[in-house]
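> Next up is a structure, given as structure tokens.
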Amino acid sequence: MNLNSTILGQAISFFLFVWFCMKYIWPPILITIEKRQKNISESLSFIEKEKENLKIDQEKIKKEIKNQREAALNLINDAKRQRNIILEKAKENAEKEKNKFMIKARSDIELERIKMQEELTQYVG
């Protein structure tokens, strides 16, 4: 065997192999790679958009929580005002009842005193 013919045969075989790969194997591989690159870039852009939407939604939620807290505080303050009004009315009613009771008790005591005086007067007289 001649060294030159072996090298020439190997070069021709290598060239045919490279030509075959470039013609039939690389195009589908490149198409698949391009599809995956496109899919990955679309996924990344979708993720970026969703991050922005998430930030916007978080801001909306923070605002809504703030509004709901303010509404709850307003309701609590209204309830406290109503409680104070009810307590004042109850105190007024209790004071009226106390005064009525005191007047009745004083009149009962006065009647009892008069009755005792009459009994004492009859007993002494």
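> Please list 3J(HN,Hα) in residue order for the range 79-96, calculated via the Karplus relation 6.51 cos²θ - 1.76 cosθ + 1.60 where θ = phi - 60°; whole Hz, with x for glycine and proline.
Computed from phi, the couplings for the range 79-96 are 5, 5, 4, 4, 4, 4, 4, 5, 4, 5, 5, 5, 5, 4, 5, 5, 5, 4 Hz.
> Mind listing the phi-derived Karplus ³J(HN,Hα) values for the range 35-42, rounded to whole Hz, using 6.51, -1.76 and 1.60 with θ = phi - 60°, and x for any glycine or proline?
4, 5, 4, 5, 4, 5, 5, 5
> Based solely on its DSSP helices, what 222 nm [θ] is calculated for the chain when runs of n ≥ 4 H residues each add -39,500 (n - 2.57) and the sum is averaged over all residues, nearest 500 deg cm²/dmol?
-35500 deg cm²/dmol
> I'd like the carbon and sulfur percentage of the solvent accessible area for the range 68-125, probe radius 1.4 Å, heavy atoms only, ligands and nucleic acids excluded.
60
> Now a separate question. Over the chain, what number does the Rg to Rh ratio reach, with both radii from the alpha-carbon atoms and Rh per Kirkwood?
Values: Rg = 51.7 Å, Rh = 26.2 Å.
My calculation of the ratio gives 1.97.
> Right, something else. Can you give the accessible area per residue of the range 35-111, in Å², using a 1.4 Å probe?
Spelled out: the 1.4 Å probe surface of the range 35-111, per residue, equals 98 Å².
> On a 0 to 90 degree scale, rounded to 10, what angle separates helix 3-20 from the longest Cα axis of the chain?
Roughly 40 degrees between the two axes.
> For the range 108-114, just list the computed ³J(HN,Hα) in residue order, Karplus coefficients 6.51, -1.76 and 1.60, θ = phi - 60°, integers in Hz, with x standing in for Gly and Pro.
With coefficients 6.51, -1.76 and 1.60, one gets 5, 5, 5, 5, 5, 5, 5 Hz.
The values are calculated or read from the model by the stated rules, or taken from the named source; none is laboratory data. The model shown is predicted, which means the values in this text are computed figures rather than measured ones. These accessible areas exclude ligands, DNA and RNA; they are computed on the full protein's heavy atoms, side chains included. Shrake-Rupley method; radii C 1.70, N 1.55, O 1.52, S 1.80 Å.
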